[in-house]
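Read the structure below first, then the notes.
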Amino acid sequence: MSEQLTIFSQEEKLNLPHSDIKIYRNFFDAKTSDYFFSQLEKEINWKQEYIKLYGKENPVPRLTAWYGDKGYSYTYSGITMNPEPWTNSLLEIKHKIETIAQVNFNSVLLNLYRDGNDGVAWHSDDEPELGKHPIIGSVSLGGERRFSFKYRDKSNPERHDINLKHGDFLLMQGETQQYWYHQIPKTKKSVLPRINLTFRVIY
Ligand SMILES: O=C(O)CCC(=O)C(=O)O
Ligand SMILES: [Mn+2]
């Protein structure tokens, strides 16, 4: 399925059923994106989390961190995260994407994909604390990675892949999480480290 161009020249709307997915390419220019990448790489308190599966602790294949307004904790794959306070860089990014998203994000989950062995498995961001129609503002910095969508209902084999690059902003809202899974597949290709920020509204 092709990516359609709508009102703003830099806005691409994905034409997938039961979804509201928009991509803003180069939302942050290369210089700004370089600056944010280097700031976040050093200032974020990156953590290695573990998921317990069949009694065995498995490392999550990426480093993660959780920042946001005080008092909003978040449970993700059995891991409860308490937010660390916003940094200046996070607030700058948040304010810029809020001009498009038209909401106040109160938290952000950060992922650091060190190389192609890091990724995130198929999932939806549909935890109850995100509400019925989660709004997810996702900023990509650093190495380019593939981001795939697949329909949750197995009777529909529909899939769609996009590539997320340095400075791109992806906005997912409406029914997207209810109907679609997404993933960042691992890759054997040589890829640069990548930082992804998924801003969320926790209720
Ligand atoms: O790295 C990405 O682009 C996606 C991360 C993601 O899906 C998540 O943290 O929920
Ligand atoms: Mn996600």
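Taken together, the values in this text are just the output of simple stated rules run on the coordinates, not laboratory data. A quick note: this is a predicted structure, and the numbers were derived from the prediction, not measured. Positions of Cβ are backbone-derived with ideal geometry, glycine not excepted, and every protein chain shown enters the neighbour counts.
Some points to look at:
- Neighbour counts of other Cβ atoms within 10 Å put Lys186, Lys154 in the fewest-to-most order Lys154, Lys186.
- Two-decimal Rg/Rh across the chain, once Rg and the Kirkwood Rh are taken from alpha-carbon atoms: 0.93
- The ranking of Ile51, Ile202 from fewest to most other beta carbons within 10 Å of each one's beta carbon is Ile51, Ile202.
- Out-of-range pairs (alpha-carbon distance over 27 Å; input Lys52/Lys94; Lys56/Lys132; Lys154/Lys186): Lys52/Lys94; Lys56/Lys132
- With contributions of -39500 (n - 2.57) from each DSSP H run of at least four residues, the per-residue ellipticity at 222 nm computed over the chain stands at -4500 deg cm²/dmol.
- Relative contact order of the stretch 12-200, pairs being alpha-carbon contacts under 8 Å that are 6 or more residues apart, as %: 29 percent
- Within-14-Å neighbourhood charge of Tyr50 [Cβ basis; K, R +1; D, E -1]: +2
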